[in-house]
Structures are given as C-alpha cells and as structure tokens.
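Here the structure is laid out as structure tokens; the discussion comes afterwards.
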Amino acid sequence: MKHALALAAALAALTPFAAQAQFAKPEDAIKYRQAAFSLMGTHFGRIGAMVNGRIPYDAAGATANANLVVTLSKLPGAAFPAGSEAGGNTRAKPEIWKDTAKFTAAYEKMVSAVGALPAAAGNPDQLKTAFGAAAATCKGCHDDFRRD
Ligand code: ASC
C-alpha cells in the first residue's frame with residue numbers, strides 16, 4: 001500500500017500536464033489557469049528584468065525563478081477542459097477548443113522553451129537567448145489563442 005502510494009505520487013510528479021487538476025465548474029478551471037499564468041508571468045518577468053538590465057543579474061535569483069517558471073508552465077495545460085471557453089471572465093479564444101491540436105502544440109512549444117531556462121540561468125548571455133525564445137512562444141500563443 002505504501003509502495004503503491006509512493007509510486008502514484010512519483011507518477012503524478014512526472015505527469016507533464018498536471019492531469020490531477022480537476023474542476024467542478026468552468027469558472028474553477030478559468031481561475032486556475034489564470035492564477036498559473038499570472039504566477040508564471042511574475043517569475044518570468046523577474047528573469048526579463050535581469051536580461052533587460054532593469055535589475056542586476058544574479059545567477060541564484062535567475063535559477064530560482066527559472067525553476068519556478070518550469071514548474072508553473074506545466075500547470076495551466078490541464079485547465080482548459082471542454083466547456084471552459086465560457087462561464088467566467090476569460091480571454092481564451094474558442095480556437096483553443098476548435099483546433100485543440102494546434103493549441104496543444106503551441107503549449108508544448110512553450111513548455112519546451114521554458115525548460116531550457118534553468119540550464120541557461122547561470123550565464124547572462126545564454127539566459128538572454130533562452131528568455132527571448134521562451135517569450136516568443138508566450139507571444140505566439142497569445143496572438144493565436146487569447147483575445148486582446
Ligand atoms: C512576459 C509575460 C508574458 C510574455 C509575453 C512575451 O514576461 O508576462 O506573457 O513575457 O509578453 O511576449
């Protein structure tokens with residue numbers, strides 16, 4: 001029993017899209033994904049402030065923020081269940097549910113680009129490159145799947 005629980009926990013930790021997230025109503029999913037994106041933006045923005053020279057670069061801070069962004073990036077993907085295109089205050093476009101394959105590909109591109117941040121965080125030039133690549137995937141998804 002203990003083994004089974006440990007195994008289940010280990011598998012859950014490896015699940016890329018946080019399949020454990022479940023929502024009683026559309027508004028709960030909307031709030032969840034917005035909370036995840038908001039936190040991701042905060043920590044990604046701290047890296048952006050470093051690479052753009054608004055705050056001093058520091059490797060430990062960059063690494064901590066990069067690791068948080070990696071974790072957070074995996075959360076919102078499970079929070080676009082069918083029916084959550086409405087039912088709350090959302091800018092998500094219906095295309096997310098109409099062309100799910102395209103949305104999933106764009107989402108996975110973001111997760112992949114964000115995944116390069118921790119290894120780059122120890123070097124300001126590499127961090128700048130990885131940040132730019134990740135930011136482009138954020139923007140790409142916003143352009144196609146988020147209302148202004
Ligand atoms: C950020 C942030 C985003 C992306 C996007 C990149 O810092 O909060 O949503 O970068 O603006 O174009």
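The values are calculated or read from the model by the stated rules, or taken from the named source; none is laboratory data. From a predicted model like this one, the values you see are computed outputs, not experimental measurements. Note that each Cβ is placed from the backbone with ideal geometry, even for glycine, and that neighbours are counted across all protein chains shown. Accessible surface areas use protein heavy atoms only, side chains included; no ligands, DNA or RNA. Shrake-Rupley method; radii C 1.70, N 1.55, O 1.52, S 1.80 Å.
How many of the residues making up the range 92-112 are within 15 Å of the ligand (Cβ to nearest atom) and either under 28 Å from M50 (Cα atoms) or surrounded by fewer than 17 Cβ atoms within 10 Å (Cβ to Cβ) (or both)?
Going through the range 92-112 one residue at a time, the tally reaches 5.
Just give me the residues in the range 7-56 being in a helix (DSSP H, G or I), modelled with pLDDT under 95 and open to solvent by 70 Å² or more (accessible area, probe 1.4 Å), in sequence order. Passing the criteria: L7, L11, A13, L14. Taking the range 113-148, which residues are more than 13 Å from the ligand (Cβ to nearest atom), assigned to a helix (DSSP H, G or I) and open to solvent by 80 Å² or more (accessible area, probe 1.4 Å)? Result: A119, D125, Q126, K128, T129. Residue check: is G87 on the phi > 0 side of the Ramachandran plot, open to solvent by 50 Å² or more (accessible area, probe 1.4 Å) and more than 16 Å from the ligand (Cβ to nearest atom)? When the stated conditions are applied, G87 passes them.
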